[in-house]
1. Against the condition among the aliphatic types (A, V, I, L, M) and either surrounded by fewer than 14 Cβ atoms within 10 Å (Cβ to Cβ) or touching a Pro at 6+ places or on another chain (Cβ under 8 Å) (or both), how does Ala83 come out, does it pass?
2. Could you list all residues from region 155-179 that are in contact (Cβ under 8 Å) with a residue 24 or more places away in the chain and in a helix (DSSP H, G or I)?
3. Looking at Thr98, is it crowded, with 19+ Cβ neighbours inside 10 Å, in the same structural domain as Lys75 (by TED's automatic domain parsing) and either polar (S, T, N, Q) or touching a Lys or Arg at 6+ places or on another chain (Cβ under 8 Å) (or both)?
4. Of the residues Gln109, Gln70, only one is under 30 Å from Gln166 (Cβ atoms) and not β-branched (Val, Ile, Thr); which?
5. Within region 44-91, which residues are out of contact with any Phe, Trp or Tyr (no Cβ under 7 Å at 6 or more places or on another chain) and among the basic types (Lys, Arg)?
6. For Lys152, only one of the following conditions fails: (1) among the charged types (D, E, K, R); (2) in a helix (DSSP H, G or I); (3) touching a residue at least 60 places away in the same chain (Cβ under 8 Å). What is its number?
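The values are calculated or read from the model by the stated rules, or taken from the named source; none is laboratory data. Just so it is clear, the model here is predicted, and its values are computed rather than measured. Here the Cβ positions follow ideal geometry from the backbone for every residue, glycine too, while neighbour counts run over all protein chains shown.
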Amino acid sequence: MFELLSILGVIGGLICLSGIKFVKEYDRLVVFSFGRVTGVRGPGPVVIIPLVEQTKKVDTRIITMAIPMQEIITKDNVSAKTAAVCFFQVVDPYKVITKVEDPVMATSQIAQTTLRSVLGQHDLDHLLSERDTINAKLQAIIDRQTEGWGIKVIGVEVKDVEIPEQMQRAMARQAEAERERRAKIVAAEGELQAAEKLAMAAEVISNQPGAMQLRQLQTMVEVSAEKNSTLIFPIPIELLELGKSLGSTIKIPQKEKQNEKA
């Protein structure tokens, strides 16, 4: 009899010890008592009543889920393929266990359909240039749909966009044409600024009588610095203007002109 009691005591002790669980910091235990949820326990040591309570463990760490390559048609009717990555976290273990059978699979399916739907609302240029705006929109829509499952979507990132080869060549030609257009605009603006500066310089020189002569002397100094150079001394413009003015003031009498003809 004593041996039987000892055996039963040992079995009872083992059963009691089996009811003690140590829950990790990032885990939670959803406890069922006769099929009904009685609470969420953890982290740390947790006592579970054997044969009465059952548990389901839930990981509350951030989960990184790859969204496989999806074929989409953009708003401007361009066929493309894109893939993304979704980051989400369990914030309510009770809902994750009781509201959805497979939270990871359900979130993956929601993310795939949302990715195709949202990207189809944008044209190709916006898809390539406004990546941050699209990511924020995807995150908000997926998070709103998974909120009832106790899942919080941290972020969604579109990581790959594949477009047809002919579209790549067309975009390369467009980019080259855009660069040429900008180069021509910059050159034209430079020509305009240079012409404006030359006009200002010409106006300043014309208003100063000796400015042109000084400019000529400076030019001759620059030319003489080179070897085998020939210098041509131009007649000062002031002398030409003086000659014109003297010619206009001196008049020959009409009789003298007739004598000269005779």
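1. Working: among the aliphatic types (A, V, I, L, M): yes; either surrounded by fewer than 14 Cβ atoms within 10 Å (Cβ to Cβ) or touching a Pro at 6+ places or on another chain (Cβ under 8 Å) (or both): yes.
Yes: the conditions hold for Ala83.
2. Within region 155-179, the first condition is being in contact (Cβ under 8 Å) with a residue 24 or more places away in the chain, and the residues that meet it are 155-164, 167.
Answer for region 155-179, where residues must be in contact (Cβ under 8 Å) with a residue 24 or more places away in the chain and in a helix (DSSP H, G or I): just Met167.
3. Values: crowded, with 19+ Cβ neighbours inside 10 Å: no; in the same structural domain as Lys75 (by TED's automatic domain parsing): yes; either polar (S, T, N, Q) or touching a Lys or Arg at 6+ places or on another chain (Cβ under 8 Å) (or both): yes.
Spelling it out, it is not the case that Thr98 is crowded, with 19+ Cβ neighbours inside 10 Å, in the same structural domain as Lys75 (by TED's automatic domain parsing) and either polar (S, T, N, Q) or touching a Lys or Arg at 6+ places or on another chain (Cβ under 8 Å) (or both).
4. On the way: Gln109 fails: under 30 Å from Gln166 (Cβ atoms).
Only one candidate passes the filter, namely Gln70.
5. If the condition is that a residue be out of contact with any Phe, Trp or Tyr (no Cβ under 7 Å at 6 or more places or on another chain) and among the basic types (Lys, Arg), then Lys56, Lys57, Lys75, Lys81 are the ones that fit.
6. Status for Lys152: all satisfied but (2).
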